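Take a look at the structure set out below.
The values are calculated or read from the model by the stated rules, or taken from the named source; none is laboratory data. Since the structure is predicted, the reported quantities are computational estimates derived from the model, not experimental observations. Methodologically, a virtual Cβ is constructed for each residue, glycine included, from the backbone with ideal geometry; neighbour enumeration extends over all protein chains shown.
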Amino acid sequence: PRSRGIGRPAVSVLVTGAAGFVGAHVVRALAAAGFGPIVAADLDAFPDEGRKLPAVERIALDVTDWTAVRAVCEAWRPSSIVHAAAITPSLDEEAADMARITAVNVTGAANVIEAAIRSGSVGRLVVFSSSGVYNGMQAYPAILGEDCPLPEQPASLYAVSKLACEGMVHRAVAAGLS
């Protein structure tokens with residue numbers, strides 16, 4: 001691996017939202033598969049079992065802070081980023097704090113995607129979406145073929161934010177990321 005210039009190898013994977021349900025599972029799976037080093041980034045506390053994983057460096061990162069996201073990418077030079085940071089709110093939580101949810105889910109994703117594009121080190125970017133962008137597919141039959149079109153009908157702020165992320169990923173692909 002390439003050196004970060006301070007005696008440590010370049011990071012294979014940066015995982016945002018690493019203390020959340022999806023992110024924690026991704027970190028454990030990457031560690032179990034021998035990927036490393038891994039930077040597990042989140043503002044929340046990590047699950048106890050996540051604290052003992054080899055080749056995992058845990059850091060605090062607010063994905064809504066462009067300067068911080070850029071600095072992490074510049075310092076750690078990951079070859080891949082798994083962006084799992086998101087707030088999955090109830091409808092009451094959506095109504096109470098739309099700005100924070102949008103900041104984390106949309107602006108946070110935009111910051112991570114832009115940092116990945118600008119980094120010069122990231123070749124692969126994974127961004128999670130949700131079936132919610134299709135309104136839970138309530139209007140579809142029980143079996144869907146691979147060629148069946150899926151309408152974009154998000155019914156919640158979370159689903160709207162995930163649809164926005166899907167659109168931003170196209171920008172990353174156009175910039176050459178996998």
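For the range 65-88, which positions are surrounded by fewer than 19 Cβ atoms within 10 Å (Cβ to Cβ), touching a residue at least 40 places away in the same chain (Cβ under 8 Å) and of a type outside the set (Asp, Glu)? Those that are surrounded by fewer than 19 Cβ atoms within 10 Å (Cβ to Cβ), touching a residue at least 40 places away in the same chain (Cβ under 8 Å) and of a type outside the set (Asp, Glu): 66, 70, 75, 79, 88. Looking only at residues in the range 54-64 that are closer than 13 Å to residue 16 by Cβ and of a type in the set (A, V, I, L, M), the one that is surrounded by the fewest Cβ atoms within 10 Å (Cβ to Cβ) is 60.
Within the range 89-120, if we keep just the residues that are hydroxyl-bearing (Ser, Thr, Tyr) and surrounded by 15 or more Cβ atoms within 10 Å (Cβ to Cβ), the residue that is modelled with the lowest pLDDT turns out to be 119.
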